[in-house]
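Notes follow once the structure below has been shown.
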Amino acid sequence: MKSPLLSLPGAVPAEGRDEGVAAHYGDLFREQRALADGSGLVDLSHRAVITVTGSDRLAWLHLLLTQHVSELAPGQATEALILTAHGHIEHALYLVDDGETVWMHAEPGTQGDLVAYLESMKFFYRVEVADRTEDFAVVYLPAGSIAEVPDGVTVRETAYGRDLFLPRAELEAYAAAHGPVAGILAYEALRVEAHRPRLGFETDHRTIPHELGWIGTAVHLQKGCYRGQETVARVQNLGKPPRRLVFLHLDGSEVVLPGHGTPVRLAADGADGRQLGFITTSARHHELGPIALALVKRNVAVDAELLAGDTAAAQETVVEP
């Protein structure tokens, strides 16, 4: 779904998973600084928007999600995962309940599979699931923003900022009143800085929550059964995850950032050494320079110097080995 904000001056369309919104509006670092200072907004209107209504909505979702939501208070933001039977991450959801409806946003293009799964699990519960992506756009306001929220708009507020579920027809007018608008690259750079994983970037077909630090934030360890819980409990109680997320400071002399999937190796072994992981997301940060997240084998030493492709990389621990 193409955003109307792509018609703004300087807009450069994003590619890949973020197609449909702007990568930037002509000045990546200015856009990052504005967000870091609590001003402006980010157009996330390409993200999937799903609602669940009905008197059983929270009790029902509690059975399906990794998070404890049966007593979720109105206005309280949370995040949750849907796992496969083997505990691998299938969906990442960002939720809030407004007292009558659970609103959630998810990765672009995932709404079809997500709604189909939720519909298949309704059974006798009094719930209604709806894909509202065509009607509502997600707009991000950074932490510290003083932008007004229109009456009746559902807000998901976190330490990182606020997600607005804005009627899509109001997107252009809201951006004009509360800009400047920053592109998705600025948003992603701050996400990488904050070590926050994203489905489809930090995950592959075999990722489990422990590898990304999602235990606690998206996975509640003291709740009842859900699909994939056995794997979560076994790793938590009896072992360690096979991989772990790390944050990388990349050599700033390189012109091209290592892209998603770039092999990570020990610097001591050189570019022909054994692959120990891969780059998940890389970005150019307005203060830190080139940075990245990577998923590496758990036994990689926390102080080891690494290579991301041909780029030297110094690591910081995100998930303990």
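Each row is one residue, and each column tells you yes or no for (1) at pLDDT below 95; (2) in contact with a strand residue (DSSP E or B) (Cβ under 6 Å, 6 or more places away or on another chain); (3) part of a strand (DSSP E or B).
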position	(1), (2), (3)
E211	no, yes, no
Q236	yes, no, no
F247	no, yes, yes
P290	no, yes, yes
L295	no, yes, yes
L307	no, yes, yes
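Could you list, in sequence order, all residues of segment 59-76 that are of a type in the set (A, V, I, L, M, F, W, C) and open to solvent by less than 30 Å² (accessible area, probe 1.4 Å)?
W60, L61, L64, L65, V69, L72
I'm told A189 meets every condition in (1) in a helix (DSSP H, G or I); (2) open to solvent by 20 Å² or more (accessible area, probe 1.4 Å); (3) under 30 Å from D43 (Cβ atoms) except one. Can you identify the failing condition by its number?
Answer for A189: the failing condition is (2).
Of these, V52, V42, V69, which one is in contact with a helix residue (DSSP H, G or I) (Cβ under 7 Å, 6 or more places away or on another chain) and assigned to a loop (DSSP other than H, G, I, E, B)?
Details: V52 fails: assigned to a loop (DSSP other than H, G, I, E, B); V42 fails: assigned to a loop (DSSP other than H, G, I, E, B).
Only one candidate passes the filter, namely V69.
When both residues are 6+ apart or on different chains and their Cβ atoms are under 7 Å apart, which pairs have a first residue that lies in segment 263-279 and is part of a strand (DSSP E or B), and a second that is among the aromatic types (F, W, Y)?
Listed by first residue and then by second, the contacts come to P263/F278; V264/F278.
Tell me, which residue of segment 11-28 that is assigned to a helix (DSSP H, G or I) and out of contact with any strand residue (DSSP E or B) (no Cβ under 8 Å at 6 or more places or on another chain) is farthest from E107 (Cα to Cα)?
The selected residue is G16.
Taking the options R298, R234, name whichever one is open to solvent by 20 Å² or more (accessible area, probe 1.4 Å), of a type in the set (K, R) and in contact with a Lys or Arg (Cβ under 7 Å, 6 or more places away or on another chain).
Answer to the check: R298.
So, A176, is that one surrounded by fewer than 23 Cβ atoms within 10 Å (Cβ to Cβ), modelled with pLDDT of 95 or more, not hydroxyl-bearing (S, T, Y) and not in a loop (DSSP other than H, G, I, E, B) or not?
Values: surrounded by fewer than 23 Cβ atoms within 10 Å (Cβ to Cβ): yes; modelled with pLDDT of 95 or more: yes; not hydroxyl-bearing (S, T, Y): yes; not in a loop (DSSP other than H, G, I, E, B): yes.
Yes, satisfied.
Taking the options E100, E128, E119, name whichever one is without any contact (Cβ under 8 Å) to a residue 24 or more places away in the chain, open to solvent by 40 Å² or more (accessible area, probe 1.4 Å), farther than 15 Å from H46 by Cα and in contact with a strand residue (DSSP E or B) (Cβ under 7 Å, 6 or more places away or on another chain).
Working: E100 fails: without any contact (Cβ under 8 Å) to a residue 24 or more places away in the chain; E128 fails: without any contact (Cβ under 8 Å) to a residue 24 or more places away in the chain.
Criteria check complete, one pass: E119.
The values are calculated or read from the model by the stated rules, or taken from the named source; none is laboratory data. In this text the structure is predicted, and so the values were computed from the model without any measurement. When we count neighbours, we look across all protein chains shown, and the Cβ atoms used for this are built from the backbone with ideal geometry, even at glycine. Heads up: the accessible areas ignore ligands, DNA and RNA and are worked out on the full protein's heavy atoms, side chains in. Shrake-Rupley method; radii C 1.70, N 1.55, O 1.52, S 1.80 Å.
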